[in-house]
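Everything on this sheet refers to the single structure shown next.
What follows draws every value from the coordinates through simple rules; no lab data is involved. Note that the coordinates shown come from a computational prediction; the quantities given were computed from them, not determined experimentally. Glycine also receives a Cβ, built like all others from the backbone with ideal geometry; neighbour counts cover every protein chain displayed.
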There are 2 protein chains.
Amino acid sequence: MLDERHPEMVSDEQAQNLAELFKALGDPTRVRIISLLIGRELCVNDLTVYLQMGQSAVSHQLRYLRNMRIVKRRKEGKTVFYSLDDDHIEQIFRQTLKHLEHH
Amino acid sequence: MLDERHPEMVSDEQAQNLAELFKALGDPTRVRIISLLIGRELCVNDLTVYLQMGQSAVSHQLRYLRNMRIVKRRKEGKTVFYSLDDDHIEQIFRQTLKHLEHH
DNA sequence: TCAACACATGAATAGTTGCTCATATGTTTA
DNA sequence: TAAACATATGAGCAACTATTCATGTGTTGA
């Protein structure tokens, strides 16, 4: 059933990049952080309150998300505000939620 | 900056489900399997050839994807054909690829 | 300037994951 | 029925991950 003529949608490099991004979204804490940041800015302390988690854990995840360019930060005095880096992630969330509804 | 009036897009349960699905997509081997299955059926052996991986590894991943209802199987004699369970995953892939292009 | 505050970071660790190896199950053909 | 074939599965293991703990950095106000 090997069919060399079949067009493959993603190259190996694209597969790698897709997997990296999905992995970033593949953790409940990070999903909750992202969903809390949809449509607004929040500082680290707000996130720890919403998430009911240690400040360190939250900061570690925020660094991860920042390295992946999923969130960005803005400093204002002592506090640091985080927000989504672009709105594509929100689109992906919406589409995926739609998928989950149908199951 | 806590704002109780802000509508949260996803509940904790939805966050859990989203994370579970994204985690399933968050591995290069599984991404490649899914992308190979877009638009066609393939048997386990074909996948091992394309992926250049051991048959056992591929079967394990297929079981995982099947448990997640991302792929389904169809038996025909000795061989088992796998295909995508629905086309939502393809949509999610396309949207995410678009996101990656813009970075 | 010093204490309090907000956040970041490195090390350590328990839990998870993806692969390999060996073997089992089910099917076809000689 | 036995051998060959296609796939599935359990155990084991090395690599990775998410959190906690302790501490560091930068900022503000007394």
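Numerical summary
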read-out	value
Label point 7 Å beyond Cα along the C-beta direction, distances from B:Y64 to other copies (nm, shortest first)	1.6
Residue-averaged beta-carbon neighbours from other chains (10 angstrom radius) around B:31-44	4
Pair A:L100, A:H60: separation of 7 Å Cα→Cβ label points (nm)	2.4 nm
Convex hull of chain A built on C-alpha atoms - directionally averaged projected area, nm²	9.0 nm²
Cα centroid separation, region A:38-73 to region B:2-56 (Å)	24 Å
Residue of B:L84, B:L62, B:L21 that the Gaussian network model of chain B assigns the largest fluctuation, springs spanning Cα pairs under 10 Å	B:L21
Neighbour-count ranking [beta-carbon atoms within 10 angstrom, fewest first] of A:I38, A:I89, B:I92	A:I38, B:I92, A:I89
3J(HN,Hα) from dihedral phi, region B:53-68, Karplus parametrisation 6.51/-1.76/1.60, rounded to Hz, x for glycine, proline	9, x, 4, 5, 4, 5, 4, 4, 5, 5, 4, 4, 5, 6, 4, 7
Per-residue ³J(HN,Hα) for region A:34-47, Karplus 6.51 cos²θ - 1.76 cosθ + 1.60, θ = phi - 60°, Hz, x for Gly and Pro	4, 5, 5, 8, 5, x, 6, 8, 9, 8, 4, 4, 4, 4
Amide H contacts under 5 Å for B:M53, placed H, 5+ residues apart	none
Ascending count of other beta-carbon atoms within 10 Å, so fewest first, for A:K72, B:K98	B:K98, A:K72
Cut-off under 5 Å, modelled amide H: who pairs with A:V80 long-range	A:V44
Ascending count of other beta-carbon atoms within 10 Å, so fewest first, for A:F81, A:F93	A:F81, A:F93
Candidates A:A15, A:A57, A:A24: whichever shows maximal mean-square fluctuation once chain A is modelled as a Gaussian network with Cα springs under 10 Å	A:A15
Average beta-carbon neighbours from other chains, 10 Å sphere, peptide A:78-86	1
For region B:14-103: relative contact order, % (alpha-carbon pairs under 8 angstrom, 6 or more apart)	26 percent
Cα gyration tensor of the protein assembly as shown - equivalent ellipsoid semi-axes, whole Å, descending	36, 16, 14
Chain A: most fluctuating residue of A:T79, A:T48, A:T29 per GNM, C-alpha cutoff 10 Å	A:T79
